[in-house]
1. Amide H neighbours of B:Val269 under 5 Å, at least 5 residues apart or on other chains, H built in the peptide plane: list them.
2. Taking θ = phi - 60°, what integer Hz values does the Karplus form 6.51 cos²θ - 1.76 cosθ + 1.60 yield along segment B:122-130, in sequence order, with x for Gly and Pro?
3. To the nearest 20 Debye, how big is the dipole of segment A:188-305 about its Cα centre, given +1 on the beta carbon of each Lys and Arg and -1 on that of each Asp and Glu?
4. On a 1.4 Å probe surface of the protein chains, which of B:Asp37, B:Asp382 comes out largest in accessible area, and what is the full order?
5. Determine the sum of side-chain charges near B:Tyr379: Lys and Arg each +1, Asp and Glu each -1, restricted to other residues whose C-beta is under 13 angstrom from that of B:Tyr379.
6. Once you keep just the Cα pairs under 8 angstrom separated by 6 or more residues, what percentage relative contact order results for segment B:367-429?
7. Can you give the net charge of the other residues whose Cβ lies under 12 Å from the Cβ of B:Val317, counting K and R as +1 and D and E as -1?
8. Please state the charge dipole magnitude for the protein assembly as shown, taken about the Cα centre, from unit charges on C-beta atoms (+1 on K and R, -1 on D and E), reported in debye and rounded to the nearest 20.
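The values are calculated or read from the model by the stated rules, or taken from the named source; none is laboratory data. Just so it is clear, the model here is predicted, and its values are computed rather than measured. Backbone-built Cβ (ideal geometry, glycine too); neighbour counts: all protein chains shown. Quick note on the areas: whole protein, heavy atoms, side chains included, nothing else; ligands and nucleic acids left out. Shrake-Rupley method; radii C 1.70, N 1.55, O 1.52, S 1.80 Å.
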Amino acid sequence: MLGKTAGGLYWMFRFLERAENTARLVEAGFRIALTRSQDSSTEWESVVTTAGVCDPFRKKHEGFTASDVIDFLLRDKDNASSVYSVTKSARDNARLVRTALTAEVWTAVNDNWMTIQELLKKPIKETDLPRVLDVIRQQSALVRGALHGTMLRNDIYDFARIGTFIERADNTARIIDVKYYTLLPSNSFVGSSLDNVQWETILRSVSAHRAFRWLDEEEMTASSVARFLILDRRLPRSLVFSMATTLENLNYLVDEYGTRHACHDHAEQMLKNLRERDITSIFDEGLHEFITGFINDNNALGLLIERDYKFYG
Amino acid sequence: MTFRRFLPVLIAEPVESVNFSIMNTKPDHFDEMRVGDTEVRPPYASYKTWFDDQEPGRLARKSKEAEAFFRRTGITFNVYGQVAAEERLIPFDLVPRIIASREWTKLSKGIEQRVRAINAFLHDIYNRQEILRAGRIPIDLIAKNAAFLPQMMGFSPPGGVYTHIVGTDIVRTGEDDFFVLEDNARTPSGVSYMLENRETMLQMFPELFSRIKVQPVSDYPKNLRRSLAACAPKSCNGKPVIAVLTPGIFNSAYYEHSFLADQMGAELVEGHDLRVVDGHIAMRTTQGYKQIDVLYRRVDDEYLDPLTFNPNSMLGVPGIMDVYRAGNITIANAPGTGVADDKAIYSYMPDIVEFYTGEKAILKNVETFRCGEPDSLKYVLDNLADLVVKEVHGSGGYGMLVGPAASKKELSDFADKLSARPGNYIAQPTLSLSTVPIMVKKGLAPRHVDLRPYVLVSPDGINITPGGLTRVALTEGSLVVNSSQGGGTKDTWVLED
């Protein structure tokens, strides 16, 4: 496979994953704004920070109002990470690697772009927001379904999966990073309604609020929520799940190509760091430090993969 | 409201040139379906019977179904000069253009003869130049031609093939009157429309194809692959590795490039994926550099090698011409083939065919006046209002005069330009182009068409796909079939015997 094609697949699926994550973040923010009586601009600010677009947002807007944030994260063409922009980037990358995709996957991505374009043509009214976010999530489910249902399990599939899970790990880590102070046991008053709302929001932004109740017999506490998001192997958006899947697909590439690279050692070390920890030791080390370290390691992994598989010249 | 009549299928790209040379001035043009008001020409007989049986609403519904299908498939072409390169669709008309087997046999013999002559001509021009020594064409025509590449002198491309892929543009004016309008010997485009148009028809009207036996076109990608592989350089041991070189996703024909690569099972590469490794061209893969044997390039000569041609080109591969001349890569089409298809050479094609094949040309040329010759210039100036005048090296309809459509002022302005640099122009009479019906709200209505068959050349022989791309001018009376100017396309059927 061409290095450029591997890179195109990797980015195509990073962008698709980002669109879905951004839609979830907006949904969680919207929900907290609806359920709280006081000013919600702090919540919207943390949504923008989690999306990693605080600087470009501030350049355009004064305060963090619901309508500005929603517009910026969903529709704004000047925001390279808006749902509109990443959906377009995903499709551009799909065109670049079209010969590597089945007709079903290509059609799903193309459909996705046409639907999102139409959906985000005009500013989104608050009454329409739930429907719009629903469509965005459904569309990415369709692309993922086409990928799983029709693609050969070869290097093409591996690069698609690696892109998906590197992006997902980054997203979950950033959600924790922005809200880490609400997860610190020292700051929390067990059972206080403020913390419950915060934890619920965090869980909602990874679509795990229901799963938490089903799977976790513990009381909802700061450390149980943190443990769930970081260390639970059953949660498909936890850091450990994302890392394990990334490594699994990197290892398939070793099987297929017969060559091991620096990225494999690096990913193995990252997974070990997660698997050999419990939440207490992470809190002892410092949640913020731990998460910052993870985000940096994850970025470094992306760069190693780029280099080892010759995405660019 | 006319646009609703046609199925806006998207198409790979606008085919290069605009056929302004064809102006219908007579109402009695040749219609390929009907003779008079009632009689149907034999090739269309079965189709017309089927068509008349159709419930009127059904075809309209089929159009809509297909439109949705095509939009999703994303067969688009890009339009240049837009900030965000816009992807557009090209209209596709449901009524096929039908050619009888006997007509096609004659046509394809003529095309084969012409393509054979073009390859012999290119070999001669870049080697002994016998045709110049014999005085059959003027030396200046070659020496002053920007498409002539001195780097090709004394070199024989692998397999002796210069034009691996040719698209010969043909127009018809009567029952037995076919003319070659242009020989596209560089990187002819549009073949993906030919294939997608047939796929569309098969999906929409399967029953038609069980009723009427049509020669298939679907072997084209397989034949293209085989033909390119047969031209692999001697240095290639084993199965040749083929790649398609595209300028990238913003090129107007990108869809076609990815389509052909996909259909051939070849890699789709850009210049920055390639480099010279150990005297060969190699592509950067996830496992390091891998050698390529045959490069089907959809990048113009000028951009192919910044070390040899345009130094600012980012689309090509530095050093590829050295690898080529060392015999370690096949480039299809060969660099420098443009010297055989420009408008000045065109007027000599009958002589060229005779010189290299010893036979009279089977297909006619459109009569062409070389304004550089004093007698011709006088004739052209006297009859400017009836002629089409083109720049010798121009393309895409720029710098062209369409006499019958021009105002008095335009005519006199053009006469001045023409007198100042007569050698820069050729002139042709206007032809009465044939028509084929398209579907409009009220039924069938005749529109003017041309035809581009696709020809593959390899050391094993010449292969012409039965049919080709029919372009149709969708506006009543119009002769402009170009997709960027409101033209559409049709499926082209060559009937089985």
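1. Hits under the 5 Å cutoff: B:Val244, B:Leu245, B:Thr246.
2. Karplus-based 3J(HN,Hα) across segment B:122-130 equals 4, 4, 5, 4, 8, 10, 7, 6, 4 Hz.
3. 320 debye
4. Putting B:Asp37, B:Asp382 in descending order of accessible area: B:Asp37, B:Asp382.
5. -3
6. 50 percent
7. My count for the surroundings of B:Val317 gives -1.
8. 840 debye
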